[in-house]
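Asks: Sharing a structure with you now.
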Amino acid sequence: MDRRSFSKKIAGAIIGASVMGASARAADSKAEGKPFTCKFAPNIYKWTNICPNMTKGLSDTDKIQFWYDRGFRAMEDNDMMKYPVEKQIELSKKISSLGMDFGVFTSSIGGMYWLTACKDGEKGKPNRTAAVERIKKEAEKTVEVAKRINAKWTTVVIGKTDLSLEHSYQMANAVEQLKYAAEICEKAGLIMVLEPLSFTAHPGLWLQKTSDAYMICKAVNSPSCKILFDTYHQQNTEGSLLRNIDAAWDEIAYFHLGDVPKRTEPLSGEINFKNLIAHIHGKGYRGLYGMEHGQSDRSPAGDEKLLKAYREIDAA
């Protein structure tokens, strides 16, 4: 082969490789924006602050657009009740305009565990009638926000353990409290999702196990009282995620994702999220998965790693 022919072949190979590389990059770019099969829901509120390099300097509404452009079709925000009405409306309009679903926001319905604090006849203890009225008032306030932002779910965290009262009595108080709230939420079509929280992350809180949340939901017996299953908390507290999901399946309405041990993105710790999501999706779940976690690597490469992880665990 003469030098001129050889040079032409080399040049052609280089050009071909360049074209193929550009095509691959274009394909990758397109894949980045392809809608996920699962409804993974990034958080607007600040503590998670995932993809900090990619979202640096963006307003909250621009962050919603950022997640949409990368294929996410749901959002959530624990702090929604804390925002001014104007901000609630602004965020809700942006989410709605993009056709995204809005997930959970945190309610104060269960936060103080008021009925447990009531011990009628004891000096200085809260009055039971007043406590019931307070529960109803908080439920009404939560419903008002839910209507404003077009939300279907609200997170309820039952309060601290009362060391002076046996577990079962506290269970009964939680059920009674949630029945009052459920009656109000049912009329609005709002679902309270009870979140068991791990003792490692939230020491002292009463509701820790899926089995207890399941028992409460059965006792309340309302379509407005269900379970939020958080993989991070439940792996810490009880493990056997698939078994517990199966056992409580008919009362689970929502999932939160977070890996163990550091509550970071999927595939950064010990949980097999590929199997987990495949199992949940295979059972017919088409609801939301809140991205309730931080980020294992805070560098620009870490941002890419997080987005890639969600592509890897997405249902086929």
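The values are calculated or read from the model by the stated rules, or taken from the named source; none is laboratory data. All of these numbers come straight from a predicted model, not from anything done at the bench. Counting neighbours? That spans all protein chains shown, and the Cβs are built from the backbone with ideal geometry, glycine included.
Asks: Do the conditions hold for Asp212, that is, is it outside any loop (DSSP other than H, G, I, E, B), modelled with pLDDT of 95 or more and farther than 20 Å from Ile135 by Cβ?
Replies: Considered against the rule, which asks whether it is outside any loop (DSSP other than H, G, I, E, B), modelled with pLDDT of 95 or more and farther than 20 Å from Ile135 by Cβ, Asp212 comes out as no.
Asks: So, in region 127-155, how many residues would count as being over 16 Å from Leu91 (Cα atoms), touching a residue at least 24 places away in the same chain (Cβ under 8 Å) and surrounded by 19 or more Cβ atoms within 10 Å (Cβ to Cβ)?
Replies: 8
Asks: To continue, here is another question. So which residues in region 148-172 are farther than 18 Å from Lys137 by Cβ and in a helix (DSSP H, G or I), if there are any at all? Before the answer, list the steps.
Replies: The initial filter retains those residues of region 148-172 that are farther than 18 Å from Lys137 by Cβ, namely 149-153, 155, 160-172.
Once the filter is applied, which keeps residues that are farther than 18 Å from Lys137 by Cβ and in a helix (DSSP H, G or I), region 148-172 yields Ile149, His167, Ser168, Tyr169, Gln170, Met171, Ala172.
Asks: Which number in (1) closer than 21 Å to Trp47 by Cβ; (2) crowded, with 18+ Cβ neighbours inside 10 Å; (3) modelled with pLDDT of 95 or more marks the one condition that Lys87 misses?
Replies: Of everything listed in (1) closer than 21 Å to Trp47 by Cβ; (2) crowded, with 18+ Cβ neighbours inside 10 Å; (3) modelled with pLDDT of 95 or more, Lys87 misses just condition (2).
Asks: Among all residue pairs at least 6 apart or on different chains, which show Cβ distances below 7 Å where the first residue, located in region 212-241, is under 17 Å from Ile184 (Cα atoms) and the second is among the charged types (D, E, K, R)?
Replies: From region 212-241, the pairs are Cys217/Lys226; Cys217/Glu251; Val220/Lys179; Ser222/Glu186; Pro223/Glu186; Ser224/Glu186; Lys226/Glu251.
Asks: Which of the residues spanning region 38-69 are over 11 Å from Gly103 (Cβ atoms) and either buried (at least 19 other Cβ atoms within 10 Å of the Cβ) or not assigned by TED's automatic domain parsing to the domain that holds Ser299 (or both)?
Replies: Of region 38-69, the ones over 11 Å from Gly103 (Cβ atoms) are 38, 45-69.
Scanning region 38-69 gives Cys38, Thr48, Ile50, Cys51, Lys63, Ile64, Trp67, Tyr68.
Asks: Let me ask something else. Taking region 141-166 on its own, how many of its residues are at pLDDT 90 or above, out of contact with any Lys or Arg (no Cβ under 9 Å at 6 or more places or on another chain), farther than 19 Å from Phe229 by Cβ and not β-branched (Val, Ile, Thr)?
Replies: So the count comes out to 5.
Asks: Ok, one more. May I ask you to list pairs of residues, at least six apart or on different chains, whose Cβ atoms are under 8 Å apart, with the first in region 290-303 being touching a residue at least 60 places away in the same chain (Cβ under 8 Å) and the second being part of a helix (DSSP H, G or I) and of a type outside the set (Ser, Thr, Tyr)?
Replies: These pairs meet every condition: Gln295/Gly302; Gln295/Asp303; Gln295/Leu306.
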